[in-house]
């Protein structure tokens, strides 16, 4: 799921809050712990898919932090797809 129409500021903030809620739910107690970089990637991709925010990897290319971020983005893509 990716936004296909312009969102109002209110709708964009609601979509960001939803992305944050979905991220929190994805890493609820009992799940295998993931690195902060991985979780940041999930959140970034969900915010892209739901609110149209750009995805920008803040970690240097070729580092394990950057790899974890991109792996998290993939999970975020899957979670967004399941949202319909």
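Picking from 22, 50, which residue would you name as being surrounded by 18 or more Cβ atoms within 10 Å (Cβ to Cβ), within 10 Å of the chain's Cα centre (by Cα) and either assigned to a loop (DSSP other than H, G, I, E, B) or in contact (Cβ under 8 Å) with a residue 60 or more places away in the chain (or both)? Of the residues listed, the single one that is surrounded by 18 or more Cβ atoms within 10 Å (Cβ to Cβ), within 10 Å of the chain's Cα centre (by Cα) and either assigned to a loop (DSSP other than H, G, I, E, B) or in contact (Cβ under 8 Å) with a residue 60 or more places away in the chain (or both) is 22.
From 61, 68, grab the single residue that is in contact with a helix residue (DSSP H, G or I) (Cβ under 6 Å, 6 or more places away or on another chain), at negative phi and either free of Cβ contacts under 8 Å to residues at least 60 places away in the same chain or part of a helix (DSSP H, G or I) (or both). Checking each option against the conditions leaves just 68. A count restricted to the stretch 25-43 and to residues that are free of Cβ contacts under 8 Å to residues at least 12 places away in the same chain and assigned to a helix (DSSP H, G or I) stands at 2.
For the stretch 30-42, filtering for residues that are closer than 18 Å to residue 65 by Cβ and surrounded by fewer than 23 Cβ atoms within 10 Å (Cβ to Cβ) leaves 8.
In the stretch 1-19, of all residues being over 11 Å from the mean Cα position of the chain (by Cα) and under 17 Å from residue 74 (Cβ atoms), the one that is surrounded by the most Cβ atoms within 10 Å (Cβ to Cβ) corresponds to 1.
No value in this document is a laboratory result; all are computed from the given coordinates. Keep in mind it's a predicted model, so treat the numbers as computed, not measured. Ideal geometry is used to build each Cβ from the backbone, glycine not excepted, and the neighbour counts take in all protein chains shown.
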